[in-house]
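To keep things clear, I will list the structure first and then write my remarks on it.
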Amino acid sequence: MNASIAGALLLAARKLLTAFIQLLVVATLIFSVMYIMPGDPVLLLLGADSNPSPEAIASMRSQLGLDQPVLSQYFVWLWNALHLDFGKSLTNGYPVANYVMQNLPRTLELAFAAIIIAALIGVPLGIAAALKRGSMRDTVLTSIATIGISVPVYIMGTLLVLFFSLKLGLLPASGYTDISRNVLEHFRKLALPALALGFGLAASIARMTRSSVLEILGRDFVRALRAKGMSERRIIWQHVLRNAAIPIVTIIGLQLGNLMGGTVLVEAMFNWPGLSTLLVGAVSARNYPLVQGAMLAIAAAFILINLVVELLYSLLDPRIRRKRS
Amino acid sequence: MLEVRNLSIAFKTSAGLKSAVRDIDFTIRPGEILGLVGESGSGKTITSLGVMGLLPPNAVVTGGEVLIDGVDILKLPPADLRKLRGRHIAMIFQDPMASLDPIFTCGDQIVEAILLHEPIGRANARRKARELLEKVLIPDPDRAMRSYPHELSGGQCQRIMIAMAVACRPRIIIADEPTTALDVTVQKQVLELLRELNEEVGAAILLITHDLGVIYEVADRVVVMYAGDKMEEATTADLFAAPQSDYSRALIDSMPSLGREAERLPVIERDPSGRVLSVRPEPRVRPASSGPIPAEADRPLLEIRDLCKSYWVKPAPLAMPVEMCAVDHVSLSVAPRTTLGLVGESGCGKSTLSRAVIRLYKPDSGQILFKGKDIAGLSDKEMRPFRREIAMVFQNPYGSLNPRQTVAQLVEAPMVIFADDDAAGRQGRVRSLLEAVGLPATAAQKYPHEFSGGQRQRIAIARALALKPSLVICDEAVSALDVSVQAQVLNLLKDLQAEFDLTYLFISHDLSVVEHVSDTVAVMQRGRIVEYGTAAAIFGNPQEAYTRMLLDAVPTVGLVRGGKEAP
């Protein structure tokens, strides 16, 4: 028992280290991208139209630390980033970290809500389709899933708004209310964007669940369990689903990671003030520190989610827990 | 006790029902071991699944009865049938590792099997599970209880399966190829265990196997099946002394058997519908090489000196990696136009050795002298001319042929790679190669899936011969084939050796086959060659304890040899 706990801890430690290195690489890329991109932030900041004097440019440069060698700028930036200091917004001097801290939870909330909806719809549908493989039920469910995957999120969003807010008047069409101000209103406004995001994901989760359950059902040990005299229901719930869960957790985790950057359309459409909204605004305003901060936050969230998913595997699959370490 | 009467089973296909098993009858009496023997596709597994009521969804029982104590279980409602399973009839499967759920500990799985039929409480069930593990003689039962299936060996997993099967003291145990996936020494232990439990628990055993040797050593009576029909039912002694049906006789004759020398194995002749016509010694139809024996005949074609290859493995998650010598100072030599048989149990390093010879792996140290030149340290580019000279035939003819290529493309591929001949010349050579391996010329345009396992192995052999190699490495080349097909392929390999002056490195776990084909034999254990000599010396007078143990474990039919008593 001790060896297995030690093994699990060691595995966790290694994954953590890997995650940290990944984050470092991403941070370096983000920093260099900002250097490769055209446009001088100083001119932008001073207003290129106003024809600023060379002295003004130079003083602004040294004020921002841009007169330092690139390498030292990089380390300063990295060091500050490690302390969650991403600099100040170029437009209003407000700390970038505050923006990120304010908007990141909103995007995370939206993504988690969407993924929960997707799993709640997709997993049961997939199981239902797999258990009646080749039947009418399977065909209908699989077709719905295919359609679900093919419908773009903005069409799904529009349809949802048309139906739930314009026709039934049940839910607000867009906007955001902070949870501290009005809990019910907060979740009412969360519902439609989360559903719009969740439906498409539900479809791909359903398909993955179906094929995963089918694969496990075809394995030898399921036949052996039947030969033991176990009921079909117990075989499914105790053995098949636990084995099938491994690839399902993978796809849910990957999708959740993708959602971190994939909420752009939905956030824009439903006027949800999340990280994507922040990032889009910052890019068009060439607000470099804000872009860097937002990108780094998205990447960190993505890496963290993947880390959690990988650690979850080893809980589900003893073979990974001991063999791969 | 178990009586199967006129059982017929068919598969549902788009063209209607396709009969798989026709009018099978047999009876198992209490305490008896009944062998059910047949080649792949004979319907033996589907019969056993029919008896358990576990047929796959595309199979249906089209007639007959399966009576347990006079009750036809085919007419029982599913819930009642389920209560019989595990409690009255238990089953042991071919692949023990795959038959256990990978994410539960073995202990939990046995406990679960006990609690399904005997609600005696978890703690009692655990105690009982541990007792069962002791009964099946698993080393360290406590560790086995908390191990996951992948942490145990195949033999240990099969013991777990057996413990589970006998947990509720069933009256019938169906064992479907229980030892096919195991090494001979482990097979012997598992068969002995089954025999003991059969006596102790008193359960009747239906033993399904393709291996006549296993039947001979364990079964009381035998049912022989072929292509869905029962060919014969007899006591084991009667079957081997005087087989009644042509097919049984053919099956017994075409099996290479330890200590029975034969230049060629008889093969089964069938009519176009697949019925057995007769067994005949297959005459040599191909000419032997007419060329003079090469001058360097006395010099070995392949000589291995002190070859080493190791891997780094971690024994435990936190441990430092340790060196595992897969090939440990191996020295061997093979004379031209002879066959060196390399035997050993799984994991002994024989495949690593063969892959080092063909330089798929770079050896750590030592020499591989091929025609006198050391190829052990050559770069990929320097190795290229030697690749023409050394060919390989793999175990699984289903996996080693690209399903998207026609036979002509497959056999031609090596010539294309080495830019041999023009297109027309290559086509001609493909035709003559197919003829040499006994395939019709029409085969060239077909795809691998249109052929049986034996025919596919012929295609693989034709491909290996495409560049006129001098050394052919056969890595378990006949292990995946049925006995009668194996006989044909072995005959073919011998013919081709004479016709094309081939030298074989023949790797196999099957000692009977190795004895049949080899001139010299090397016995490998844990990376080392423990015994090496002429086939006659190794099999007639083994010196090493390990060799004797291997030979002793091989189930043989009706022969006394090497101090081994006839059962």
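Any idea which of B:Gln525, B:Gln488 is farther than 26 Å from B:Tyr311 by Cβ and of a type in the set (S, T, N, Q)?
It is B:Gln488.
Report yes if B:Met392 is part of a strand (DSSP E or B) and modelled with pLDDT of 90 or more, otherwise no.
Judged against the criteria, B:Met392 is a match.
Would you be able to say whether some residue in the range B:376-390 is in contact with a strand residue (DSSP E or B) (Cβ under 6 Å, 6 or more places away or on another chain), in contact (Cβ under 8 Å) with a residue 60 or more places away in the chain, of a type outside the set (Asp, Glu) and closer than 30 Å to B:Val485 by Cα?
The answer is yes; a qualifying residue exists.
What is the one condition in (1) in contact (Cβ under 8 Å) with a residue 60 or more places away in the chain; (2) within 14 Å of chain A (Cβ to nearest Cβ); (3) aliphatic (A, V, I, L, M) that B:Leu116 does not satisfy?
In the conditions (1) in contact (Cβ under 8 Å) with a residue 60 or more places away in the chain; (2) within 14 Å of chain A (Cβ to nearest Cβ); (3) aliphatic (A, V, I, L, M), B:Leu116 misses (1) alone.
Check B:Val166 against each of (1) under 25 Å from B:Ile215 (Cβ atoms); (2) away from chain A (no Cβ under 14 Å); (3) more than 25 Å from the chain's Cα centre (by Cα) and name the one condition it does not meet.
Failing condition for B:Val166: (2).
Residues to consider are B:Leu74, B:Leu116, B:Leu81; find the one that is within 30 Å of A:Arg133 (Cβ to Cβ), in contact with a strand residue (DSSP E or B) (Cβ under 6 Å, 6 or more places away or on another chain) and part of a helix (DSSP H, G or I).
Just one listed residue meets the conditions, B:Leu74.
Could you grab me the full set of residues in the range A:221-240 that are within 7 Å of chain B (Cβ to nearest Cβ) and either within 38 Å of the chain's Cα centre (by Cα) or crowded, with 18+ Cβ neighbours inside 10 Å (or both)?
A:Phe221, A:Arg223, A:Ala224, A:Arg226, A:Ala227, A:Lys228, A:Gly229, A:Met230, A:His239
Quick test for you: out of A:Gly274, A:Gly281, pick the one residue that is surrounded by 21 or more Cβ atoms within 10 Å (Cβ to Cβ) and more than 14 Å from chain B (Cβ to nearest Cβ).
The match here is A:Gly274.
Residue-by-condition table, conditions (1) of a type in the set (Gly, Ala, Ser); (2) on the phi > 0 side of the Ramachandran plot; (3) assigned to a strand (DSSP E or B); (4) over 22 Å from the mean Cα position of the chain (by Cα):
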| residue | (1), (2), (3), (4) |
| --- | --- |
| B:Ile174 | no, no, yes, no |
| B:Glu192 | no, no, no, no |
| B:Asn198 | no, no, no, yes |
| B:Ile208 | no, no, yes, no |
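Quick one: in the range B:49-67, which of the residues that are crowded, with 20+ Cβ neighbours inside 10 Å and under 12 Å from B:Leu2 (Cα atoms) is nearest to the other protein chains (Cβ to nearest Cβ)?
B:Met52
Out of the residues in the range B:84-111 that are more than 8 Å from chain A (Cβ to nearest Cβ) and assigned to a helix (DSSP H, G or I), state the one that is nearest to B:Asp183 (Cα to Cα).
Among them, the one singled out is B:Cys106.
Is it the case that the range B:339-350 has a residue that's surrounded by fewer than 18 Cβ atoms within 10 Å (Cβ to Cβ) and within 24 Å of the chain's Cα centre (by Cα)?
Within the range B:339-350, one or more residues are surrounded by fewer than 18 Cβ atoms within 10 Å (Cβ to Cβ) and within 24 Å of the chain's Cα centre (by Cα).
How many residues, within the range B:125-159, are aliphatic (A, V, I, L, M) and within 22 Å of the chain's Cα centre (by Cα)?
So the count comes out to 1.
Does the range B:152-160 contain any residue that is at pLDDT 90 or above, over 28 Å from B:Ser479 (Cβ atoms) and not in a loop (DSSP other than H, G, I, E, B)?
no
Among B:Val201, B:Val224, which is the only one that is surrounded by fewer than 22 Cβ atoms within 10 Å (Cβ to Cβ), closer than 22 Å to B:Met1 by Cα and among the aliphatic types (A, V, I, L, M)?
Checking each option against the conditions leaves just B:Val201.
Got at least one residue in the range B:34-47 being more than 27 Å from B:Val224 (Cβ to Cβ) and either more than 14 Å from chain A (Cβ to nearest Cβ) or in contact (Cβ under 8 Å) with a residue 40 or more places away in the chain (or both)?
No: zero hits.
The values are calculated or read from the model by the stated rules, or taken from the named source; none is laboratory data. From a predicted model like this one, the values you see are computed outputs, not experimental measurements. Reconstructed Cβ throughout: ideal geometry from the backbone, glycine too, with neighbour counts over all protein chains shown.
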